Amino acid sequence: MSQARPHPYVVEEHLFRLIVELERRKALRVQYAFSVLTIVRQPPQGMTVSPGGADASAIVGFVSRVIRAADLIGLVPTSPAVRVLLVGAYLEEVDLVIQRIRAEIPPEVPLRFGVSCFPATDTTTETLLSRADREAGLPAVG
């Protein structure tokens with residue numbers, strides 16, 4: 001018998017996008033909601049943070065303690081940010097996740113959050129990701 005994973009998987013951006021697309025197709029067929037949460041670490045006043053790397057890893061550490069093992073964390077290589085796929089989560093439930101994340105994080109680690117929800121706010125993978133990123137203050141890529 002296999003053991004249950006205590007924390008969600010962490011994947012790179014390309015795989016995260018593919019999984020969000022698969023989840024979107026399944027959610028469309030089975031009729032359930034899911035949300036994408038983008039979390040960006042803001043640099044302290046007068047300082048810069050590095051894309052990905054240690055800043056993103058710190059966010060992963062906090063986030064992985066408060067989300068379910070069935071959810072997924074995606075690294076954003078161009079920014080100190082992560083995206084989280086919250087399976088079965090409506091917008092109201094994402095607010096509770098954000099509150100739990102904020103409770104885990106020391107006050108000196110400022111974060112910005114952006115949220116999108118299938119099908120409430122967006123219906124395509126690209127619009128789900130771009131809305132959550134835009135709300136979190138990530139610059140548009142492409």
- Taking 0.36 nm per intervening residue step and subtracting the Cα-Cα distance, what contour gain separates residue 30 from residue 100 on full extension? 22.4 nm
- Message: Can you list which of the DSSP-assigned H helices in the chain have a Cα extent of 15 Å or more along the long axis and an average Kyte-Doolittle score of at least 1.0?
- Response: 53-64
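For the stretch 9-136, compute Rh as the Kirkwood radius over C-alpha pairs and then the Stokes-Einstein diffusion coefficient at 20 °C and 1.002 mPa s; write the answer in µm²/s, rounded to an integer.
Roughly 148 µm²/s, to the nearest whole number.
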- Message: Using the basic label-point model (7 angstrom from Cα toward the beta carbon), what is the residue 12 to residue 42 distance in nanometres?
- Response: 3.1 nm
- Here, residue 90 and residue 134, labelled 7 Å along Cα→Cβ, have an inter-label distance in nm of 2.5 nm
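Coordinate-derived values only; no laboratory data. Remember, predicted model here, so these are calculated numbers, not experimental data. Note: ideal-geometry Cβ built from the backbone for every residue, glycine included; neighbour counts use all protein chains shown.
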